[in-house]
Every structure is written in C-alpha cells, then in structure tokens.
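As structure tokens, the structure follows; a few thoughts come after it.
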Amino acid sequence: MKRNTKIKNIITYLLIVILATLLVCMLYYENEQEKKETVRLQQLQEEQDAIQKATEESTMLTLFEDESVNLLGSFQAVRILSHTDISQCASFVSGYYSNASIKFDISDIMPKTDESKLYMLVFEAYSESSCVKIAVQIAGDTSYYYLTSEPSAFYLPINDFENFSITLISDFQNTYIGNIQIIETDGLNSGICYGQYCLSDIVHYAEEDTVSLNSLSGRDILLDDEYLYYLSNDKLIVYNVDDNNFTEIGTLTELGTTRQMDFIDDSTMVITARENDVYFIDVSNPEEPFIISTYDSMDLATGVSACENYVFICSRYFGVEVVDVSDVTNPQCASIISTGAECYDCLYSDGYLYISNWNSMQVMIYDVSNPNQPSKKYTIDVDGKPAGLAIENGTLFVATGQNSSNDSSTMLSSGYGAGHGMEIYDVSDPENVEWLSTVKIDGRLLYLSVDHWNVHICGDYAFLASTYGGVFIYDVSDLKDPVRIGMISTPIESDSNLYYYTENDTSIFPYDVDKYIEDPISSIAFGDGVVYLAGWSTGLYSIEFDFAETSKIEIWGVLPESDGSYFESINETPLKSSVLYTNGCSVNAVDIADDYIYLACGDNGVEIINNNGEFISSIETAGAAQDIVLKDGYAYVAEGNYGVEIYKVDGAKLSLISSWQCELSSETVTEIRIIGDYMIAQTGWTYIRVFDISLPNLIEEVEYIKTGTMYLKNLINTDSESNFFGFSNGTELKLYSITDLMQEVVAVDNPLYGERNGICEYEDKLIAIYKNGYVIVSINEVQAGIDLSVFEKYSLGDDYPLKGLVSCYGGVMVVTNATGKQVNIVDITDITSPSIISSFSVSGNPLVAKITDDYIYIPLCWQGLLIIER
C-alpha cells in the first residue's frame, strides 16, 4: 500500500515537473515571438519613417520673386513692405515629422501703421504638380487655402505685424510662395482685390459670344438627342433641337416656383417647385406635355434625382423623401432620409444617393439599394455650402458657395464670402471616399438673394456656375490638378430693367456692382459643339464650345419595391402615457372639437379620430391639407396650391360649404389662423391674405399684405380670442389690429427670428424661442416699438435646449423641433422659472402642438399623431 502511494507521489511530481517545463517553454516561446514581432514592427516603423523623411526632405516651400508679375495691378494701394524686405525675415521649418513651413517675423521692419487704413498680406503661390492645402496663420488665427499648379494671387487682411506663417498641410510636394508684400489701402471697395485670384490667361466669353434663345427666367435644362426641356419660373418649355434647328414645340404652365427636374424614364419627368410641391409630367408627346400627378412634399421641394421606380426629393430641413413612383399616377412615400441638416440637392448613382447638406457644409452618401431602409455610409466635409453635384466615371464634383469653413464672423474674416468653388472626390468606392482637389473662383462673394450654384461635366471639362460670379470652365483631365481655361460672363448692366441688386451691409462682390451684376446661371446642358445656359433673369442662351457633346440622359435601373417596413420601424410610441396614431400618410396639423380630433393629412385630406387613436372617418380635400383650424362649428382647411376650403362640422361629419382658390400659380396656403370673424392665411413666402368669415359660406378677402420673405410657417401662434395677428421674418416682427380694420399696429426690428423657430401668444405676452431658450415680451411693449434685443432670455440650461415651434396653454409650453426630431414639454406655471416636464426624441418631424386641459397633441408628419394625456 505504501509502495503504491510512493509511486503515485513520484508520478504526481513528474507531472508537475513536466507541466512546469511546458509552461516555461510556452512563456519563453511567447516572449521570443513578442520580441520578434517588436523587432518587425520597429523595422516597419523605421522603413515608414525613412520614406516619410525622404518625402519631407525632398519637399520644399520655395520663396521666389518675379518682377514681371505686378500683383497690385491698377488698384489704389501703397506697398509698405516688399518681397525683399519680408524674405529677409523668413525662417524655414521643413523636415522630419514637420510640415513644410515658413515663418516671417516682421516686427522689426514694419513701419508705423494707420488705424484708419486696411493692410493686406499679398503673395503668389502654386504647387509642383497637383492640388495641395496650405495654412496661413496671422495673429494666431489659422486659415486654409488650396493651390494647384496654376499660379494664384492672395490678398488677405492682416492686423498683426509681429509675424505670420505659411504651412503646407497636405500632399507633400514642392510648393512655391513668391512676390510677398504688405500693402496699405483705404478699405474694401470694388477696386480692391480681396481673397484668391487665378493668374493664368484664360478665354473670356462675353455677351457678344452668346446667342439668346429666349428671355424667360431659367431654372433647369435637360437635353436628349432631339429635344431640349427648359424649366422656367412657373412653366416647362420643350424645344426641338434636331440638326441645331431650335424651335419651341410644347409648353406646360402653372407649375409654381419651379426649381429642378429629372427624367424618371424616357417619357416621364419629375419637377420640384418648392412650396408648390412636386409634379410628375408625361412628355411622351413633347408637343403636349401634361401633369400626371402631384406629390405633397413635407417641406420646400428643391433638389431631385430619379431612377426608374423611385424619386428622391430634397425637402430641405425635413430630409430627403424617397418616393415610390412605380405607379406614377399615385406616388407614395417609401422612406425618409433624415440627415439632421438642410438637404438642398441630391444625386442618385448606382445604388447610392449623394446629398448636399447646406448648413452643415457636408455631402452625405447613403446606400439606397434598399429604398425601404436607407443607410448612411460616408460623410464628406466641404469648404463652403454645397449645392449642385455631378458624378462622372466614379468621380464626384461638388459646387460650393457663400462662406468657407474658415472664420466668417466679419467681412474681413478669412472665410467671409470665400466658399465659392468646386471640389473633386474619388467615389469609385462610395464608402471610402478620397479627396482629389479643390478650386476657388476669383475674389470674395456674398449676396444673400439667389442661392444656387452648380457644376456640370462635359468630357474632360467641368463648368462651375457660381451664383453672381459667372461660369468658370476647368480642364479636369487631371482630376488632382484642375486647370481653369475659360470664364463665361453673364452681366446684367445697372441701367437694364433686369438689374435688381439691393445694397446692404453684408454683401461683397469681386467686381463693381454699381456697373453690373452677374446673372446667376441655374443650369447648363451640352449639345454637339454648343453649351446651353439657363440665366436666372436673362433667359436661355447658347455659346459655341468645340469640345461639347450632347449629354446622354442616364436612366437607372429598378430598385426593390416599397414594402412599408420603414413605417413599421418608426411606429414606436416615445412615451408610456401616450398613444401614437399612424395612418400611412403625413399628419401636418391637428385641432380638436368636442371629443373628436381632426387631422390635416396632406394628399390624404382630413381624417377624424378619437383620443384612443381610433379612426372614425375621413374626407378628400381639393388640395393637400396643410393646416386645419376649428371654430364655432366650422373647419377651415389650408390646402396648399388649391387654397382654402371651409366645412360645416356635424360630429364626425364634414360638409363643404365654401372655398377660396389661389389666384396665382405660385401661391400655396401653408398656415391659417382664425381670430374673431377673420381668417388669416399665409399664402407662400411673401404674402398674407385676410378674409372676412362672418358668413362662412360666403367668405370675402379684405386685405392683401406683402410680408417680405417668410419660411413655410411664420404666423404668430395666436388663439381665436386675440385682437391682433402677426408674423415674423428675418427683418421684422409685425402686428396688425383685428379690431381696427387690419391696420398695422407696429413693425419692429426682429433680432429674435430663427427660420425654424416660432412665436406664440400666451397671457397677453409673446413668447419667442431664441438661442436655445425663450424671450417674453408683452403685447403692449411690442406695440410701443420696444427694442427686442434687450429682453432677458429664459432657458432650461444646456441639458434641454429649446429649438423649434412653440405652443403655450394652461401652464404648459410645448416646443417641437422638426429638424432635430425633439420635443420638450415645459412647466411654465411661473413663466420666468421654467422646469422640464418631459424631453424626448421622435422618429418623425414634430410640428405645432395643440394643448388642451387634458391632452397634448403633436403632429409628427409621417410618424403620425402623438396623443399625450396630461
């Protein structure tokens, strides 16, 4: 027994020794492997460092002087420091792990300056072979610019005379900086260069080079082998261009504020018309085009792109609507792409949708191969507000405008008016995009009127139409190094009846606007040896261009059919104590009478439900129902392009008793208020109509008010017992008396205006959403013309920023942010000491809430109606 125990002990010992030996061996092996991997990684890093070092050491920022180049030209300026003076103060920082950079210390050589003068840093720059990005640092502020192999001149305000620097940021290669100087001028004016300018000699196409084909304001052009389709304001015109014979053969009118068009197939096109929504047009017989159907877009229908069975509509702040047009007589929304920014333009290509996000300065790429569930794949940050897009052979071209991504806080800031240009990207793999190059137009340009810039590709040439700047032609055969070869000027002389410039403190131009203004070119198309241009004010004209070839309309294939899965995915109720009513259409507005809830449901008319979210009945309306207000047994329905209809209410039944139809094709009724015996209707961007409804079956228009530019819904949210109505726009807040024959009570400067924010009346006060909080102004104070900028702002802190439209009732405020998809419900029992009741996100786009003693009703567009029990 003892012997067996001893043998067991020996075996156990041997096993322990063997296991310990194996463990030591394994640890040794792993350690050796780690050492080898460390050595391998070190060698790899050393090799990469050597490559980087060689690259940087072979890269130089070279200073040069060329006395044959006069950067000052003929404008009035005094040279304070010459290139020779400044170059002697240069120190180079160029080498291993450091961007090539030159620092200039001019503190000891700068003469005394005059505070009343403007000083500019002037220099010439170009790259060796392709586009590079440089940084210019002045007074600690860094700005970014782009160079190609074409020489450019820079004229940049300078207010620090200690030092400045120029640094190479991207794509290391030899880069040349020359003719540096500092000049003194009297200030910015039309004779002073400001910004970046191309120094190459180019072909200038002037008025005498153009052939005018019509004088109708232009919005878009499409061209096929035989016909040219010209979209003017409010109409479509078809021309026969066979064998260069240009003959008008067909017209379709009353299309409203038209913007863009695209072919769905060879006999059907789609046209967007901003607040007038979307039209589907049959062009199978170009001599007799006709409207097949319309579609009520959620917001301003602007950019559009199509394949055979889907249309993608940019509805600005509300996103991109993916619309199934397999039955073009009955277009249906399949899904919404919400980017969180303002969607201005879009372009479909081979299963992907490219979206220009205006205010975020981004182009977003979505996979839409399944239109029911689009998914974002890539975001491109661009140097300006993006608009027009073009794709050619896996290359994306982006037209940008207004300010650049540099600081634009003042007119002398580096980004002010510097956003106009074109950016080129390799999108052969849309989920792994590569920047290729960026070019800019000459000088600084900012004029907030027509905001539309676009780019069109013709073989190896890109035509960049930059609003109020002209058309710039680039040879893009080398995508990394575009070369400007021409410029088309589209001037409207100041003595022309088409001249429309309005002077203001924010505008800046690279030419003398007192003499002329360049007409914006809204679209370009190509025929054989000819370029067609749509002038915003001057009409359609052509220019001979030897390399032009007729554009081929590309009809993309069929995508998977709409299956409703998108709407199923957004049907979750955001709050436990609430009911979500969904109906497969967009709920735009809500009002209450007795125990019934009345919904304005766009193309689906008016629906009636109860507080349990149960459908009761519906009626078809003559137009798309945008708003609904109930008072004294009548329902007043705003119906877009149609106008207004008035119904007698009998429980859950509605009977039409009268209507008013829009007098202008560009009008569209988006919002109404009922106050006393009057109906106030916002009819489009710039007008309000007031109607006497004391006899609802015989309404009469009593006032027509020009308002200045408003957004879709800018009426102050008042109730039926008010004695005034009003609106806000970017310039003014105006109030009108209901009791005093619609007389204007007051117009005050409006520093509170936010395009997506709102104002409501509450307890004889106006509450305006402002800078993530709200301002309270008494009606008497507004009527007294008081300065609105001095009022205290109330907020809930950074955790609950308030943005959007506002309603107040019974101690509760509801703020709905349609773009951010956020709802905030606030306790305002003490209006100066608000507290949050509930804050939540939704999948839809929340619009103006209706508050009662027992419920809060929030229309969520395509997500339906949210009913919250108080």
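The values are calculated or read from the model by the stated rules, or taken from the named source; none is laboratory data. Being a predicted model, the structure only gives us computed values, none of them experimental. Here the Cβ is made from the backbone with ideal geometry for all residues, glycine too, and neighbour counts use every protein chain on show. We work out accessible area using only protein heavy atoms, side chains counted, and drop any ligands, DNA or RNA first. Shrake-Rupley method; radii C 1.70, N 1.55, O 1.52, S 1.80 Å.
Structure notes:
- Any chance Glu115 is more than 31 Å from the chain's Cα centre (by Cα), in a loop (DSSP other than H, G, I, E, B) and of a type outside the set (Lys, Arg): yes
- Tally of residues being over 10 Å from Ile313 (Cβ atoms) and hydrophobic (A, V, I, L, M, F, W, C) across the range 323-335: 3
- For the range 558-570, a residue qualifies if it is out of contact with any Phe, Trp or Tyr (no Cβ under 6 Å at 6 or more places or on another chain) and surrounded by 12 or more Cβ atoms within 10 Å (Cβ to Cβ), and the qualifying residues are Pro560, Glu561, Ser562, Asp563, Gly564, Ser565, Tyr566, Phe567, Ser569, Ile570.
- Among the residues making up the range 524-534, a single one is open to solvent by 10 Å² or more (accessible area, probe 1.4 Å), more than 19 Å from Trp453 (Cα to Cα) and in a strand (DSSP E or B): Val530.
- Here Leu698 fulfils each of the conditions (1) open to solvent by 10 Å² or more (accessible area, probe 1.4 Å); (2) out of contact with any Gly (no Cβ under 7 Å at 6 or more places or on another chain); (3) over 19 Å from Val637 (Cα atoms) apart from (3).
- Of all residues in the range 309-337 being open to solvent by 10 Å² or more (accessible area, probe 1.4 Å) and of a type in the set (D, E, K, R), the one that is farthest from Leu347 (Cα to Cα): Asp327
- Test: Thr148 is at pLDDT 95 or above and of a type in the set (Val, Ile, Thr): yes
- When Ser68, Ser129 are screened for being open to solvent by 50 Å² or more (accessible area, probe 1.4 Å), out of contact with any helix residue (DSSP H, G or I) (no Cβ under 6 Å at 6 or more places or on another chain), of a type in the set (Gly, Ala, Ser) and modelled with pLDDT under 90, only Ser68 passes.
- The number of residues in the range 774-796 being among the acidic types (Asp, Glu) and surrounded by 14 or more Cβ atoms within 10 Å (Cβ to Cβ) comes to 1.
- If you go through the range 584-613 and keep only what is more than 28 Å from Glu721 (Cβ to Cβ), touching a residue at least 24 places away in the same chain (Cβ under 8 Å) and open to solvent by 40 Å² or more (accessible area, probe 1.4 Å), you end up with Asp603, Asn612.
- Qualifying residue in the range 232-243 (condition: within 29 Å of the chain's Cα centre (by Cα), touching a residue at least 12 places away in the same chain (Cβ under 8 Å) and part of a loop (DSSP other than H, G, I, E, B)): yes
- Restricting the search to strands (runs of 3 or more DSSP E) fully inside the range 177-226 and requiring at least 2 residues that are more than 25 Å from Asn504 (Cα to Cα) and either open to solvent by 30 Å² or more (accessible area, probe 1.4 Å) or of a type in the set (Gly, Ala, Ser) (or both) gives 203-205, 210-212.
- Reported count of residues in the range 614-666, each being among the small types (Gly, Ala, Ser), under 27 Å from Gly256 (Cα atoms) and open to solvent by 20 Å² or more (accessible area, probe 1.4 Å), is 4.
- With a requirement of 2 or more residues that are under 20 Å from Asn717 (Cα atoms), the strands (runs of 3 or more DSSP E) lying completely within the range 575-647 that satisfy it span 589-593, 596-600, 627-631, 634-638.
- Every test in (1) open to solvent by 20 Å² or more (accessible area, probe 1.4 Å); (2) within 18 Å of Asn432 (Cα to Cα) is passed by Leu353 save one, and that test is (1).
- Number of the condition not met by Asp262 [criteria: (1) more than 21 Å from the chain's Cα centre (by Cα); (2) open to solvent by 10 Å² or more (accessible area, probe 1.4 Å); (3) more than 22 Å from Gly602 (Cα to Cα)]: (1)
- Members of the range 372-389 found to be assigned to a strand (DSSP E or B) and either modelled with pLDDT under 95 or surrounded by fewer than 21 Cβ atoms within 10 Å (Cβ to Cβ) (or both), listed by number: Ser375, Lys376, Lys377, Tyr378, Thr379, Ile380, Asp381
- Residue in the range 416-428 that is part of a strand (DSSP E or B) and polar (S, T, N, Q) present: no
- Strands (runs of 3 or more DSSP E) completely within the range 664-734 that count 1 or more residues being of a type in the set (Gly, Ala, Ser) and without any contact (Cβ under 8 Å) to a residue 60 or more places away in the chain: 678-683, 724-728
- Only residues that are more than 19 Å from the chain's Cα centre (by Cα) and not in a strand (DSSP E or B) were counted across the range 390-402, and they come to 2.
- Asp799 open to solvent by 20 Å² or more (accessible area, probe 1.4 Å), of a type outside the set (Gly, Ala, Ser) and either within 20 Å of Val590 (Cβ to Cβ) or in a strand (DSSP E or B) (or both): no
Residue by residue, here is whether (1) within 26 Å of Pro751 (Cα to Cα); (2) assigned to a loop (DSSP other than H, G, I, E, B); (3) open to solvent by 40 Å² or more (accessible area, probe 1.4 Å) holds:
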{"site": "Thr819", "(1), (2), (3)": "yes, yes, no"}
{"site": "Asp830", "(1), (2), (3)": "yes, yes, yes"}
{"site": "Ile837", "(1), (2), (3)": "no, no, yes"}
{"site": "Phe840", "(1), (2), (3)": "no, no, no"}
